[in-house]
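Encoded as structure tokens, the structure appears first; notes follow it.
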Amino acid sequence: MTGKFITFEGIDGVGKTTQIKLVAQRLTELGQEVVITREPGGTAIAERVRNIVLDPTLQLSVRTEALLFMASRSEHVEQIIKPALIAGKTVLCDRFCDSTFVYQGLTQGLKVEDLTDLKALNLQATGGIFPDLTIVLDADPQQLLQRRDKRGVFDRFENKGLAFQENLRQGFLALAAAEPKRIKVVNALGSVEEINRKIMSLLMNN
């Protein structure tokens with residue numbers, strides 16, 4: 001595969017969507033073909049799974065969440081990500097496997113070294129496709145409250161409150177510490193342009 005697979009991670013409200021759009025614009029200006037996608041989602045089937053796992057009225061076990069995410073990811077990889085990479089395109093994805101490792105793993109009391117089962121499931125779901133680079137946009141969840149309230153969208157995970165968001169943040173930072181070559185942490189509290197410059201620098205030097 002000649003394309004590049006870049007994923008964006010972080011807690012709710014850090015500005016992943018904004019930065020992905022801006023990065024796509026910058027890369028397109030540089031002559032690259034770019035595909036923007038997201039998880040859960042990306043395909044018609046995966047979007048239906050998204051509606052289930054994010055529905056605040058549903059009660060799902062962590063195992064059920066993980067299996068639903070993996071099923072969605074398998075479809076997503078086969079239909080969107082893999083063909084784009086084979087065609088030499090750059091894929092920008094809003095969340096991928098690291099979110100599963102954090103949401104269904106580290107926030108449930110597991111340590112990074114205990115993620116073997118989730119990683120094995122992910123390998124089956126993706127057929128071995130893995131991000132070349134992962135950008136974690138990081139911020140104190142307390143400082144993002146106003147931004148999240150302004151969005152006015154609260155899914156099943158956002159409804160779990162501030163303490164859960166802090167656990168998520170620590171999970172992403174733990175993954176970054178374990179894989180510093182692939183996962184890069186960027187402060188999400190600067191200006192949009194400042195954050196984008198840092199991300200583009202990482203992309204150009206990776």
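Taking amide H atoms as placed 1.01 Å from N in the peptide plane, the amide H of Val136 lies under 5 Å from those of Glu9, Lys184, Val185, Val186, each 5 or more residues away in sequence or on another chain. Computed with every protein chain present, the accessible area of Ile86 is close to 100 Å² [probe 1.4 Å]. Taking a sphere under 13 Å around the Cβ of Ser201 and counting the other residues whose Cβ falls inside, with K and R at +1 and D and E at -1, yields a net charge of +2. Using Cα positions and a limit of under 16 Å, work out the aspartates and glutamates in reach of Lys181, with same-chain residues fewer than 8 apart set aside. Correct list for Lys181: Glu9, Asp98, Asp132. Model label points for Thr116 and Leu30, set 7 angstrom from Cα along the Cα-to-Cβ axis, are 3.9 nm apart. Values (1) -0.32, -0.48, -1.23, -1.44; (2) -0.25, -0.40, -1.27, -1.63; (3) -0.26, -0.41, -1.18, -1.43 are given for comparison; log10 I(q)/I(0) by the Debye sum over Cα atoms at q = 0.08, 0.10, 0.17, 0.19 Å⁻¹, derived from the coordinates here, is the one labelled (2). Each residue was assigned an accessible area with a 1.4 Å probe, and for Asp114 the value is about 80 Å².
Applied to region 49-55, the Karplus parametrisation 6.51 cos²θ - 1.76 cosθ + 1.60 on θ = phi - 60° returns per-residue 3J(HN,Hα) values of 5, 4, 4, 6, 5, 9, 5 Hz, with x for Gly and Pro. Measuring between alpha carbons in the structure, the pairs from Lys82/Lys111; Lys4/Lys160; Lys16/Lys89; Lys4/Lys119; Lys119/Lys184 lying more than 28 angstrom apart are Lys82/Lys111; Lys4/Lys160.
Computed with a 1.4 Å probe on the full set of protein chains, the accessible area for Phe130 sits at about 80 Å². Working from Cα pairs under 8 Å separated by at least six residues, relative contact order for the chain is 32 percent. Among residues other than Pro83 with Cβ under 13 Å from its Cβ, the summed charge is -1 (Lys and Arg +1, Asp and Glu -1).
The values are calculated or read from the model by the stated rules, or taken from the named source; none is laboratory data. Please read these numbers as outputs of a predicted model, since none were measured by experiment. Glycine gets a Cβ as well: all are built from the backbone with ideal geometry, and neighbour counts include every protein chain shown. Ligands, DNA and RNA are excluded from the accessible area calculation, which covers all protein heavy atoms including side chains. Shrake-Rupley method; radii C 1.70, N 1.55, O 1.52, S 1.80 Å.
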